[in-house]
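What follows is calculated from the coordinates using simple rules that are stated; it is not laboratory data. Remember, predicted model here, so these are calculated numbers, not experimental data. Note: ideal-geometry Cβ built from the backbone for every residue, glycine included; neighbour counts use all protein chains shown.
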Amino acid sequence: MKKSIPTLSLIKNLGLICASVIITLILAEMAVRVFWQMDTGETWRMPAPHGQPYLVNIPQSKTFHRFQDFSTTYLINSLGNRGPEPGNEPVQVVFLGDSFTFGLFIDEQDTSVGQVRRISAESYGNGQVGVVNAAIAGSGIAEWIAYLQDYGRRLKPGIVVANLNYVSLSRSYKHPLFMLDCDREILLRSNPPIIDNGVPWPPFRKYDDQKISLKRWLNDHSQLFMTVRKGYSEVKKSIDGKKSSDSKVNSANTEKSTEDKMGSNSEEDAGKAWPNPPFESNAINQPELKCFVKASFKALRDSAKMAGGKLIVIDIGYRWQTKLARELSIDLVALDFVPKTLEELGIPYVNLTDQLYQMHQTGMQITIPGDGHPTKDGYLAIARGSWPAIKHQIDLLRTDKNVAGDN
């Protein structure tokens, strides 16, 4: 029996409606990407290969990230570092750090690492000094030590710069990567992996399950979906009426919450990053903490040396902005031990806290409003404040290489 004309007309009309909806959604997606670009649930971090309990950046990934008026695209190179592919420069300067060094919401060339790359090119010429941004958002000194031990040789560092932040030590205190031996003041690696650095990292598996829900796929790929989702969340929040006490708590923990949320839509990240432990100063074993600080920097120095580099430590100067909110935190207690410890270990150290605080006092915008991470001006100040110590080590290294070449 032939289909009736009304039935055929209905099918045709439904087809036209579906096509119109699809075309409208595509146009709306394009409009959002052009005029109201929104970051999706895509992440640029993954669990470290070989099952170690820390995160690394996903090689060859590209992720757009926005906070209010600040936005950028993170381009991760083949070695899992933010920025250009590694070159063959005779001196390689490798930076370790957390999101304040990685550069949330800021173009890579405007981060402190990017600024040092520019300054070094102006000082020594192109092709003389390579500058690598090996920072990993949300990391601490324990992860930096493990990263150097596991993958540092791939970077061929002559100089390793550790950008110390106000959570670098608390994130690592009692970290499962290491056991603390205070009799010998050393960190003992728990289950160290056997790694062949000549073999590339295995491809990152974004999803473990075979069936990916439409909502999950849209969450990771559709800026239109995320725009609607975030808009709905804001409306719901407004209707529910958020209490002022909640906003004060969120404001005090801005930096921590921002980093904790990064990649939070990724199942692979869930439970993999070691959180900032809630130790308070009145519950801290100070002799043990002092031992931890010395053991950590000793391990970081030795790991840098094992990878081929000389360690420099820079306190990037942003501890002042959370001092009042962290009066009972282990961070400020631990940081008090740092200067003398580094002096004993013979590690060059620069503290930019007073310099950055004075800039803040003059009204310069060196933090992203409502977020707390550095602005371009803040990064420039870090780069300029760090540069004399870095340049000194570069000059020593270049002199040693020239002497060795002459012989």
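Rounded to the nearest 0.05, what FRET efficiency do residue 123 and residue 9 have when you use their Cβ-Cβ distance and R0 = 56 Å?
On the way: r = 76 Å, r/R0 = 1.35.
Step by step, r from the Cβ atoms, then E = 0.15.
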Calculated from backbone phi, Karplus (6.51, -1.76, 1.60) coupling profile of segment 67-78 in Hz, x at Gly/Pro: 9, 6, 8, 9, 7, 6, 10, 7, 10, 9, 7, 5
Can you put 376, 310 in order of Cβ neighbours within 10 angstrom, beginning with the fewest? 310, 376
Once the dipole of segment 8-79 is set up with Lys and Arg at +1 and Asp and Glu at -1 on Cβ about the Cα centre, which of 23, 54, 68 lies farthest towards its positive end? 23
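On a full-extension model of 0.36 nm per residue, what is the gain between residue 283 and residue 23, subtracting their alpha-carbon distance, rounded to one decimal in nm?
Numbers: separation 260, 0.36 × 260 = 93.60 nm, distance 6.04 nm.
Additional length available on full extension: 87.6 nm.
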Expected vector for segment 175-188, Karplus 3J(HN,Hα) from phi with 6.51, -1.76, 1.60 and θ = phi - 60°, integer Hz, x for Gly and Pro, equals 5, x, 5, 9, 10, 9, 10, 7, 5, 10, 6, 9, 9, 10
Spelling it out for residue 311: with amide H atoms placed in the peptide plane at 1.01 Å from N, the residues 5 or more places away or on another chain with amide H under 5 Å from its amide H are 160
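Over 20 Å between Cα atoms: which of 174/310; 294/340; 62/305; 174/290; 290/391; 156/391 fall into that group?
On the way: 174/310 26 Å; 294/340 10 Å; 62/305 32 Å; 174/290 13 Å; 290/391 30 Å; 156/391 18 Å.
Among 174/310; 294/340; 62/305; 174/290; 290/391; 156/391, the Cα-Cα distance tops 20 Å for 174/310; 62/305; 290/391.
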Would you please give the residues with an amide H less than 5 Å from that of residue 60, counting only those at least 5 places away or on a separate chain, with H modeled from the backbone geometry? 76, 77, 78, 80
Neighbouring Cβ atoms within 10 Å as the yardstick, rank 25, 164, 16 fewest first. 16, 25, 164
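Calculate, in nm to one decimal, what residue 230 and residue 197 gain on full extension: separation in residues at 0.36 nm each, minus their alpha carbon distance.
This chain segment gains 7.7 nm when fully extended.
What ranking do 169, 397 get, fewest neighbouring Cβ atoms within 10 angstrom at the top?
With the fewest neighbours first, 169, 397 line up as 397, 169.
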